[in-house]
Amino acid sequence: MRIIAGRHRGRRLNVPRGTRLRPTAERGREMVFDVLTHRRFGDQGMDHLVLDAFCGVGSLALEALSRGAEKAILIDQDQHALKWARANACAIKENHRCWFLRADLRSPPAPKPDQIAGLFFLDPPYGQALVPTALTALAEAGWLTNGAVGVAELARNEDFIAPPAFSIWREKSAGAGRFVFLTYQGRSFKDIHHQ
């Protein structure tokens, strides 16, 4: 598995063999970033703080950093996954721009004020209905800025209804996965933590 574009184009990402980790395939990542870059960010570039929830080996966050994102927060409940994500970030010398957090995304802790994401990715295990729960929990904890844009990956036939404050603006399928592009229009960290 390799980074597709940007300053680290072609760099290999390590994926452990024989585990339950399922990183987003190159074809899926290419499609996701194509849509985000050309349809959403335009000439502004991808200069956002990125949240990679259910980060696995870190492929989405590291792809975003390669393409110009400022910093990335990689969250996973699986310590094994975070170890691989950290190793991949170190291998391409991006670990200084990453925060790694072990947390249950159904009830994440509150972020620090400088950890509010304008771009988010969710790639949980398929078929467990984790996306709506995690989106709601992340929003309620204050991880997303108002107007944040993101992508959730689900199984192709997995049911999904966007939670309140999230709107779907596009869906695309690739391989066994379905990618749902979302915008968050809700309370920001400042609103939540200054009540």
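The values are calculated or read from the model by the stated rules, or taken from the named source; none is laboratory data. If you're wondering where the values come from, they're calculated on a predicted model, not measured in any experiment. As a convention, Cβ positions derive from the backbone with ideal geometry for all residues, glycine included, and neighbour counts pool all protein chains shown. Accessible surface areas use protein heavy atoms only, side chains included; no ligands, DNA or RNA. Shrake-Rupley method; radii C 1.70, N 1.55, O 1.52, S 1.80 Å.
Some notes on this structure:
- Residues located in the range 103-149, provided they are without any contact (Cβ under 8 Å) to a residue 40 or more places away in the chain and of a type in the set (S, T, N, Q): 107, 128, 133, 136
- Condition check for residue 166: modelled with pLDDT of 95 or more, more than 19 Å from residue 34 (Cβ to Cβ) and touching a helix residue (DSSP H, G or I) at 6+ places or on another chain (Cβ under 7 Å): yes
- Residues of the range 115-134 that are closer than 16 Å to residue 63 by Cα and touching a helix residue (DSSP H, G or I) at 6+ places or on another chain (Cβ under 8 Å): 119, 120, 121, 122, 123.
- Residue 181 vs. criteria within 12 Å of the chain's Cα centre (by Cα), at pLDDT 95 or above, surrounded by 17 or more Cβ atoms within 10 Å (Cβ to Cβ) and not basic (Lys, Arg): yes
- The residue that is farthest from residue 103 (Cα to Cα), counting only those in the range 117-164 that are in a strand (DSSP E or B) and among the β-branched types (Val, Ile, Thr), is 149.
- Residues satisfying the stated conditions in the range 154-163, i.e. open to solvent by less than 70 Å² (accessible area, probe 1.4 Å) and in contact with a helix residue (DSSP H, G or I) (Cβ under 7 Å, 6 or more places away or on another chain): 154, 160, 163
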